[in-house]
Each structure stands twice: as structure tokens, then as C-alpha cells.
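Asker: Sharing a structure with you now.
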Amino acid sequence: MSRHNNFKEKLIHGLFFFNGLLVILVLAGIFALLVANALPAFKEIRVGQFLFSAAWNPTATFTAPSYGILSMLVSTLMVSAGALIIAVPLGIAAAAYLSDVASKRVREIAKPIVEILAGVPSVIIGFLGIVLVGPIIARIFHLSNGLNALNGSILLAIMALPTIISLSEDALNGVPKSFQEASLALGATHWQTLVRVKIPAALSGIIAASMLGMGRAIGETMTVLMATGCAIAMPKSFLQSVQTMTATIAIELGEVPYNTTHYYALFGIGLVLFIITFIVNMISDIVLHRYQRVYK
């Protein structure tokens, strides 16, 4: 019986190890594919010009083609930062409500709704931006249309909210009960305990949740493609049309001739996007593990 249990444990251990190894291999394979396809572009484009020039015109006929992604990089970070500015306060407030204020019945109804929101296809959110959010922005700011960075930020905030709410709620629920009891015993109100004790104690987890939400916003394609106007220019305000890196890849990769500098440059954009997303997720993972060690 004991030998049978040992065999089962080893089998399960091996299965988990294989799954973890498979994920790492897939990730490494994607990185290798991007590097292999991006390197030919950098034989003809200087890395500095690629990263720090705002001129992107690979199909220029009468002038030399230009491959600068700075405007797309700034647009991507701008739309993602705007989404975080909207989503983080709303997400933390919703998480605090679900963990400390809502009744059990309200929590049982609200929690699945938040999780369903995470499964709504991005193309549906994009339609929402075109027919609802865009016209409202255009009317408020007296614009000809509402397809701009602000529209993209609002929609990405909606998409990042489920991640921020769920992980922030878990972080708040993970704060030891003794913290709350000590605060209430000292005469603090429930509100003071939540704002001055629980949220600061769960701050590492909340930061990790926000960074994972940012990772989701940076990598989103269809919504920003539909709602931001797709104009390659250095953005000066949230009311201007922009084009993110993901939107550029989605628009141009299907039409570009294979094995050209333009084709390889698009993989270069994908490589930059991969590195940014990897760094954001790595930092959030480090912060989250630090939080778990502190309160273990």
C-alpha cells in the first residue's frame, strides 16, 4: 500500500514537473522565434533608430523607408497608464467593498459577475468603445470623433478591472485577522481599520494586482485597434488618435511581403512588446512573493 502511494506521489510530482517544464519551453520557444525573426531587421536598421525615432513609414516610395517605433511605444505606455489611473482606484474600492463591506449574499452575486467580465471578448469591448464611449467623449470634448487614447484607456481599464479586483480582494482577505482585531480593540472604526490598517498591509498584493492589470492592458490588441483611431504620430494629449504596438502588428503583418525588412521589423516590435510584458509580469511576481513571505 505504501509503495503504491509512493508511486502515485512520484507520478503526480512528475506530471506537475512536466507541465511546468512545458510552459517554460513554450515561453522560451516564443522568445526564440521573435529573436530569430527580428534579428534580420537589425542588420539594416540601427537599434537606436528603431527605438528612439518616431518616424514609421516602411512603405515610403520617394524617400528612404523609416522604422522608428517611439510614437507607438509612447502611445502604448500612454494608453496603458491611462487605463491604470482609471482601473486601480476603482479596482481597490471594489475589492475593499467585496472583502469588508458586502454581505455574503451580495458577494456571492458580485464575484461571479466580475469573473464573467474577464471573459468578455475584446472585440465586444471594442464595439462598446465605438458606439457608446467614443460618442460620449466626442460630445463632452467637442471632437469630430471619440476614437482616441482616452477611449482606449477607458476600455482597457474595463478589461483590467477583473484582474485587479480579484487579486486585490485576495490580498485583503490574506491580511491576518489579528491586525483587524487589534485596530478595533484600540478604538478605530471599521472604516479607519480598512483604510489605515488592511489596505497598507495588503499593499504589496495590491501593487502586484495592478501590475498584472497593466500587463493585460499593454498586450491587448483588438480593443485598441478599434477604439484609438490608429494614427501613427507622437501623441500630445489623450484626446488625440494613437496607434499602439499591438495594433500596428495586427494591421500590417497580414499584408507585408515575407522576408522583407518591414516584415522583420514587425517581429522587432513584437520582441520589444514581449520584453516589456515579461518585465512587468516579473516585477509583479517578485512583489507578490515578497507579500506572501511577509504574511506567511
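Asker: Within region 183-199, can one find any residue that is surrounded by 16 or more Cβ atoms within 10 Å (Cβ to Cβ) and within 21 Å of the chain's Cα centre (by Cα)? Outline the logic, then answer.
Answerer: Residues of region 183-199 surrounded by 16 or more Cβ atoms within 10 Å (Cβ to Cβ): 183, 188, 193-194, 197-199.
Next cut, within 21 Å of the chain's Cα centre (by Cα) only: none.
No, because not a single residue in region 183-199 is surrounded by 16 or more Cβ atoms within 10 Å (Cβ to Cβ) and within 21 Å of the chain's Cα centre (by Cα).
Asker: Given (1) open to solvent by less than 60 Å² (accessible area, probe 1.4 Å); (2) closer than 21 Å to Tyr258 by Cα; (3) in a helix (DSSP H, G or I), identify the lone condition not met by Ala36.
Answerer: Among (1) open to solvent by less than 60 Å² (accessible area, probe 1.4 Å); (2) closer than 21 Å to Tyr258 by Cα; (3) in a helix (DSSP H, G or I), Ala36 violates only (1).
Asker: Could I ask something else about it? What's the total number of residues in region 125-142 that are among the small types (Gly, Ala, Ser) and within 10 Å of Thr223 (Cβ to Cβ)?
Answerer: First, the residues of region 125-142 that are among the small types (Gly, Ala, Ser): 126, 129, 134, 138.
Adding the requirement that they be within 10 Å of Thr223 (Cβ to Cβ) leaves 126, 129.
Summing the residues that are among the small types (Gly, Ala, Ser) and within 10 Å of Thr223 (Cβ to Cβ) in region 125-142 gives 2.
Results for (1) under 16 Å from Leu90 (Cα atoms); (2) at pLDDT below 90, shown as yes or no for each residue.
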position	(1), (2)
Lys111	yes, yes
Val120	no, yes
Ile125	no, no
Ile130	no, no
Leu161	yes, no
Leu194	yes, yes
Ile199	yes, yes
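Asker: In addition: Does Gly146 fit the bill of being free of Cβ contacts under 8 Å to residues at least 24 places away in the same chain and within 21 Å of Gln240 (Cβ to Cβ)? Give the derivation first.
Answerer: Working: free of Cβ contacts under 8 Å to residues at least 24 places away in the same chain: yes; within 21 Å of Gln240 (Cβ to Cβ): yes.
The answer is yes for Gly146.
Residue by residue, here is whether (1) in contact with a strand residue (DSSP E or B) (Cβ under 6 Å, 6 or more places away or on another chain); (2) under 22 Å from Ile279 (Cα atoms); (3) in contact (Cβ under 8 Å) with a residue 60 or more places away in the chain holds:
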{"residue": "Leu21", "(1), (2), (3)": "no, yes, no"}
{"residue": "Ile30", "(1), (2), (3)": "no, yes, yes"}
{"residue": "Gln49", "(1), (2), (3)": "no, no, no"}
{"residue": "Ser66", "(1), (2), (3)": "yes, no, no"}
{"residue": "Ala93", "(1), (2), (3)": "no, no, no"}
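Asker: Having 2 or more residues that are closer than 30 Å to Pro58 by Cα, of a type in the set (Val, Ile, Thr) and in contact (Cβ under 8 Å) with a residue 60 or more places away in the chain is the bar; report the helices (runs of 4 or more DSSP H) wholly within region 160-250 that clear it. Can you show your working first?
Answerer: On the way: elements: 177-185, 190-193, 203-219, 222-227.
Here the list reads 222-227.
Asker: So is Gly254 under 25 Å from Leu147 (Cα atoms) and open to solvent by less than 40 Å² (accessible area, probe 1.4 Å) or not?
Answerer: Working: under 25 Å from Leu147 (Cα atoms): yes; open to solvent by less than 40 Å² (accessible area, probe 1.4 Å): no.
In short, no.
Asker: Report yes if some residue within region 152-159 is of a type outside the set (A, V, I, L, M) and either open to solvent by 60 Å² or more (accessible area, probe 1.4 Å) or touching a residue at least 60 places away in the same chain (Cβ under 8 Å) (or both); otherwise report no. Explain how you work it out, then say what you get.
Answerer: Initial filter on region 152-159 (of a type outside the set (A, V, I, L, M)): 152-153.
Still in the running and either open to solvent by 60 Å² or more (accessible area, probe 1.4 Å) or touching a residue at least 60 places away in the same chain (Cβ under 8 Å) (or both): 152-153.
Scanning region 152-159, I find at least one residue that is of a type outside the set (A, V, I, L, M) and either open to solvent by 60 Å² or more (accessible area, probe 1.4 Å) or touching a residue at least 60 places away in the same chain (Cβ under 8 Å) (or both), so the answer is yes.
The values are calculated or read from the model by the stated rules, or taken from the named source; none is laboratory data. Worth saying up front: this structure is predicted, and the values here are computed from it rather than measured. Virtual Cβ from ideal backbone geometry, glycine too; neighbours counted across all protein chains shown. With ligands, DNA and RNA removed, areas are computed over all heavy atoms of the protein, side chains included. Shrake-Rupley method; radii C 1.70, N 1.55, O 1.52, S 1.80 Å.
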